[in-house]
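Inspection log for the structure reproduced underneath, given as structure tokens.
The values are calculated or read from the model by the stated rules, or taken from the named source; none is laboratory data. Keep in mind it's a predicted model, so treat the numbers as computed, not measured. Ideal geometry is used to build each Cβ from the backbone, glycine not excepted, and the neighbour counts take in all protein chains shown.
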Amino acid sequence: MIPVTPLLVTVAHGTRHPTGNRVAAELTARAGALLGVEALASYVELCAPSLASVVAGLAPQRPAVVVPLLLSTGHHVRHDLPAMAGGRPLGRPLGPDPLVAEAQADRLVEAGARPGSPVTLVAAGSSDPAALDDLHDAAALLADRWGGPVRLATLSGLGPRPADVVRPGDAVSPYLLAPGFFAGRARDAALTAGAAVVADVIGVHPAVVRLVAARAGEGFPGEPGKPALIGRSSGRQVEVLAERSGPGRRSTAPCR
């Protein structure tokens, strides 16, 4: 019998900014190549393919794991994604995690920040108290990695706003995976508050690629941390032919 190659399916929020969607696709392809499995990026909304359509198109015998490209818990992780995953193994969100902090620290240095200098971590925010707890943990992890004080600000939901947290001369680290609406808001709010340096979004960083692969390894059947039934693969994206939109979903378009 020919072994069935496992599939890594990631799911990002989705954005109207093509560069943001390409970050998800590139992270997915690189993580798949690292694991030696086929890999496909999907989205919650605003971009196709949706996670629901990918799962619906899988053969029942095809081993697959879903990894959220999200940096904290929240409504999507708690409610939307379990329903969309259709019983397939659903990994943990990427953050908070020391590997995310590693990537953030590198982005700060690339932007010209001095290690150990004061930093404000700016996140999109959520109305979920558990998400706020995750953000505080993320700030603590960055402080450990950075070797200096890190304060937390959010752009929406629970938590203080950048105008109340960012101090003149601060460096700002956007707790955002990809360019898009919130990345623009974070930069504008940081500069208005007097930030001296605003780092780039986390993006396609080697530490995040390793983290996506690790999350996937937790969910594949077989030895923990090692996908079972792995065949030779370039980590390429597989093609999903049908896009099904559920009731009440916003229309989506193929990502570029």
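Got at least one residue in segment 148-164 being in contact with a helix residue (DSSP H, G or I) (Cβ under 9 Å, 6 or more places away or on another chain), in a helix (DSSP H, G or I) and either over 30 Å from Arg88 (Cβ atoms) or modelled with pLDDT of 95 or more (or both)?
Yes: one or more hits.
Quick one: what pairs do we get from segment 51-78, first residue under 21 Å from Asn21 (Cβ atoms) and at pLDDT below 90, second of a type in the set (Gly, Ala, Ser) and assigned to a helix (DSSP H, G or I), C-beta under 6 Å, 6+ apart or different chains?
Ser72/Ala131; Gly74/Ala131
In segment 164-186, which residues are under 13 Å from Ala153 (Cβ atoms), of a type outside the set (A, V, I, L, M) and in contact (Cβ under 8 Å) with a residue 12 or more places away in the chain?
Arg167, Asp170, Ser173, Pro174, Tyr175, Phe182, Arg185
Looking at Pro247, Pro206, can you tell me which residue is at pLDDT 60 or above and surrounded by fewer than 18 Cβ atoms within 10 Å (Cβ to Cβ)?
Pro206 is the lone residue from the list that is at pLDDT 60 or above and surrounded by fewer than 18 Cβ atoms within 10 Å (Cβ to Cβ).
Restricting to segment 106-142, count the residues that are among the hydrophobic types (A, V, I, L, M, F, W, C) and surrounded by fewer than 17 Cβ atoms within 10 Å (Cβ to Cβ).
4
Among what's in segment 109-138 and is in contact with a Pro (Cβ under 6 Å, 6 or more places away or on another chain) and either outside any helix (DSSP H, G or I) or not small (Gly, Ala, Ser) (or both), pick the residue that is farthest from Arg62 (Cα to Cα).
Looking at residues that are in contact with a Pro (Cβ under 6 Å, 6 or more places away or on another chain) and either outside any helix (DSSP H, G or I) or not small (Gly, Ala, Ser) (or both), I get Pro118.
How many of the residues in segment 48-96 are under 15 Å from the mean Cα position of the chain (by Cα) and under 21 Å from Phe181 (Cβ atoms)?
Final tally of qualifying residues: 15.
Which of the residues spanning segment 72-100 are surrounded by 17 or more Cβ atoms within 10 Å (Cβ to Cβ), not hydroxyl-bearing (Ser, Thr, Tyr) and not in a helix (DSSP H, G or I)?
Gly74, Arg88, Leu90, Gly91, Pro93, Leu94, Gly95, Pro96, Asp97
Please name all residue pairs, on different chains or six or more residues apart, with Cβ atoms under 9 Å, provided the first residue is in segment 80-108 and is closer than 19 Å to Ala56 by Cβ and the second residue is surrounded by 22 or more Cβ atoms within 10 Å (Cβ to Cβ) and of a type in the set (S, T, N, Q).
Met84/Ser42; Met84/Ser50
State all residues of segment 42-58 that are in contact with a Ser or Thr (Cβ under 7 Å, 6 or more places away or on another chain), under 28 Å from Arg185 (Cβ atoms) and crowded, with 19+ Cβ neighbours inside 10 Å; if no residue qualifies, say none.
Selection gives Ser42, Tyr43, Leu46, Cys47, Ala48, Pro49, Ser50, Leu51.
Which residue, of Ala39, Ala25, Ala103, Ala64, is buried (at least 17 other Cβ atoms within 10 Å of the Cβ) and either assigned by TED's automatic domain parsing to the domain that holds Ala139 or acidic (Asp, Glu) (or both)?
Ala103 is the lone residue from the list that is buried (at least 17 other Cβ atoms within 10 Å of the Cβ) and either assigned by TED's automatic domain parsing to the domain that holds Ala139 or acidic (Asp, Glu) (or both).
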